[in-house]
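Engineer: Handing you this structure, nothing more for now.
Derivation of every value follows stated rules applied to the coordinates shown; laboratory data play no part. Just so it is clear, the structure is predicted and the values come from calculations on it, not from any experiment. Because the Cβ atoms are built from the backbone with ideal geometry, glycine has one as well, and the counts that use them run over all protein chains shown.
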Amino acid sequence: MKTKVLLLLALTLTIPMLIAPAVRAQPSADINGDGKVNILDVTMACGQYMLTGSARNMTIVGKADFDGNGVITLIDLVTIISAWTG
């Protein structure tokens with residue numbers, strides 16, 4: 001009886017995870033890594049706005065490029081500001 005209950009519990013917890021759609025984790029708007037989203041994050045991203053080639057800091061671009069186009073655009077800045085203001 002105990003084995004059946006444990007098996008039923010395991011299936012109840014596992015099956016929804018197997019059929020649920022994969023959810024991609026949202027990237028953090030905390031660009032400078034201080035644990036909070038604030039004006040410093042917005043400023044860092046603004047400093048890299050629309051820069052291409054060797055002029056851009058790829059560490060910042062990698063963290064702030066939310067649409068994945070390789071350039072910090074207005075969409076990326078709005079994403080950070082929205083995370084800051086809630």
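Engineer: Quote the relative contact order of region 26-85 in percent (integer), defining contacts as alpha-carbon pairs under 8 Å separated by 6+ residues.
Structural biologist: Over region 26-85, the number comes to 37 percent.
Engineer: Give me the net charge of residue 41's neighbourhood, meaning all other residues with Cβ under 12 Å from the Cβ of residue 41; Lys, Arg count +1, Asp, Glu -1.
Structural biologist: Surrounding charge for residue 41 is -1.
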